[in-house]
Amino acid sequence: MRAEALIGTLVDTAQPSSDINFSQFDMQIATAEYHDPAHQAMERDRLWMRTWQIVCRTDDLAAPGDWIEFRRFDQSYIIVRGKDAVARGFVNACRHRGSMLCKGKGHAPLLTCPYHNWTYGLDGALIAVARPDYSGSLEDFVGSKSGLGLVPVAVASFGGFLFLNPDPAATPLATFLGPAADILAMYRLDEMVPVRINVRETLHCNWKVVMDAFQEGYHVQGVHPELVSMTNMSRERCRFFGDHAVTVVPFDSGDQRASAIEEEVDRYLGMPPEKFTGPAEALPRLAAIRDRYRRADGVFAPPEGATAVSLLQSAMRELLTEKGLDVSGLTDNQMSDNQYWLLFPNVFLQVRAGNALVITAEPHESGDPNRCCWSIMVLRWLKADKRVTARVAQTVVPEGEHAQYFLALEQDYQQMCRQQSGLRNRALSHQRLTRYEPKVAFFHHVLKRWLSTGDEASSLSL
Ligand code: FES
Ligand SMILES: [Fe+2]
């Protein structure tokens, strides 16, 4: 009853991936799109210069005066937290003779150009120039001072991330994300902090190799054999929201027999936590719930209509509520099921109540289509007073070095570099997708639209 009113129901009721109308997609992808410099240049102009992209977590710019540089190819921007706590974006170029103002990240009460010392406020306004005495007043000296503020660029936040869009005519971020933002807002991503992993590293593959790898579970049998028993592709559901998409595989086994409940609960309780990347921390509470429903004569008597997974979902809801996370906006399935989101163009988000894994793939700054950077962040919801101390700062791995990830990510890392090597063979003209890869097909469909004409969302049918 309650779940009917929740927006997460839009994902709960997604159709089986196998029911998708694949005829709307081109199931062949030209390999040149992964290594051709001309294609990369087209992506630069028609995608990256026009789309929303993550800069950092909002709390990376916690205090007024905190700033960070954001680079996309040879374009450079500064995002700075103002005295009014608003984060603003600017083109990273002085209005005098164009020198770059900032490099890296830092903190300053004002932004002063190192060339001739023109100085800007945190709101981008030009407030002082060196040697105004040469020609009288400041205004006389620079002509119209008010017209010489830093060139603004669109910045917005969502889910605890700061996004930037280089396009002066950018669609507002909230509009661009559409229902995806409303669904994801219920997870309180903005109240999560990076824990365990927060790494940025260069990879020897095209950025789309990374995106493709995280849009499908078809490679589990080949790359992650240890996860095969946890993956049931035949039960995957998929839904598209504008340029974004989500897949989800129900956590339950599909066995709804009342007699199977205790057996299934015991199976959950017996699973090693490291393999049970889902709600492992709720297991002690699940055991307590199981015991709650055991009668004096030892017979397990759960409430009418209960299933093993509904008991697990109750355990998760109780646990998170007790911790202080408001999960009232999340459906029961969102307590147990991982949702796998594509936020176009370059964000993969795996989310479940209380936790998320975020992977972004970015083209390499040099413009080399055979390299990219990925950023990986494990997010966890924590009470406000625990966030600052638990938060892990980003580690940037020097190019040529490699971070050690957990097993599945390490396997993906190795595979992605292998795939790029294969894709570079000129005699292989296309990749050929299967019906197990609907989100890969969707991603390339949307990307093709961006690269061809406008960025208006086309209507896609399931
Ligand atoms: S270029 Fe910045 S002050 Fe001259
Ligand atoms: Fe993988």
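The values are calculated or read from the model by the stated rules, or taken from the named source; none is laboratory data. None of the values given here were measured: they were computed from a predicted structure. Because the Cβ atoms are built from the backbone with ideal geometry, glycine has one as well, and the counts that use them run over all protein chains shown. Surface areas here come from the heavy atoms of the whole protein model, side chains and all, with no ligands, DNA or RNA. Shrake-Rupley method; radii C 1.70, N 1.55, O 1.52, S 1.80 Å.
Take the alpha-carbon positions of the chain, form their convex hull, and give its projected area averaged over all directions (one quarter of the hull surface) in nm².
Mean projected area for the chain: 24.8 nm², to one decimal.
List the lysines whose Cα sits under 26 Å from the Cα of K323, skipping any in the same chain fewer than 8 residues away.
K323 reaches K275, K383, K386.
Could you please state how large a percent of the accessible area of the stretch 308-399 is carbon and sulfur, counting protein chains only and using a 1.4 Å probe? Mind showing how you got there, number by number?
Values: 1630 of 3110 Å².
The value for the stretch 308-399 is 52 percent carbon and sulfur by accessible area.
Whole angstrom only: what separates the Cα centroid of the stretch 58-86 from the Cα centroid of the stretch 307-326?
Between the Cα centres of the stretch 58-86 and the stretch 307-326 lies a distance of 37 Å.
Please report, for the Cα atoms of the stretch 312-404, the Rg to one decimal and the Dmax as a whole number; what are they, in angstrom?
Just the Cα atoms of the stretch 312-404 yield Rg and Dmax of 16.8, 50 Å.
Enumerate cysteines in the chain without a disulfide-compatible partner, where compatibility requires another Cys Cβ under 4.7 angstrom.
C56, C102, C205, C238, C372, C373, C417
Could I get the Rg over Rh figure for the stretch 368-458? Both from C-alpha atoms, Rh via Kirkwood, rounded to two places.
1.06
For the stretch 18-60, which whole percent of the accessible surface, found with a 1.4 angstrom probe, sits on carbon and sulfur atoms? Provide the component values of the computation, followed by the final result.
On the way: 790 of 1660 Å².
Summing carbon and sulfur atoms, their accessible area is 48 percent of the total for the stretch 18-60.
For the chain, report the accessible area per residue in Å² (1.4 Å probe, heavy atoms, rounded to an integer).
On a per-residue basis, the chain sits at 45 Å².
Filter the DSSP H helices in the chain by two things, a Kyte-Doolittle mean of at least -1.0 and an axial alpha-carbon span of 20 angstrom or more, and list the hits by number.
Qualifying helices: 308-323, 407-423, 438-452.
Which lysines have a Cα less than 24 Å from the Cα of K105, not counting those fewer than 8 places away in the same chain?
Within the straight-line cut-off, K105 pairs with K83.
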